[in-house]
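Here's the structure, in structure tokens; my notes come after.
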Amino acid sequence: MHTVYKALPIEDVERIIAYCKDRDGLFEVYPGQDGKTHMVVVNSRPEDEPLDKFCPLGAFYCNYLGPGIISLEEEEPHHDGMPSAQSHIKAIKQVIDKLIAHH
């Protein structure tokens, strides 16, 4: 289920997408078929590991629910999701907040 995390001016979302594209490895940006929506995969890596050891932490979506909307795919609120999934969502939200603050 997609949920809105942030509603921003479309220009801010476009800057975030461009920033993530420039940071290949840490972020993977996949455009939708319409060219307007994007899925951004956030990768992490264990401490002291080479850059090729990145592993997916989670993803967020830009413009999927509407222009300027950053959304997340979260479990149903009444579903007992795995605790690790909840911590990944929290980490993705922190990354999004840092990306917004950076721009």
(message) Can you tell me how many residues within the range 37-59 are surrounded by 13 or more Cβ atoms within 10 Å (Cβ to Cβ), in a loop (DSSP other than H, G, I, E, B) and modelled with pLDDT under 95?
(response) 2
(message) Report every pair of residues separated by at least 6 positions or lying on different chains whose Cβ atoms are under 7 Å apart, first residue within the range 8-31 and in a helix (DSSP H, G or I), second surrounded by 14 or more Cβ atoms within 10 Å (Cβ to Cβ) and polar (S, T, N, Q).
(response) VAL13/ASN63
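The values are calculated or read from the model by the stated rules, or taken from the named source; none is laboratory data. Predicted, not measured: the structure shown is a model, and the values here were computed from it. Counting neighbours? That spans all protein chains shown, and the Cβs are built from the backbone with ideal geometry, glycine included.
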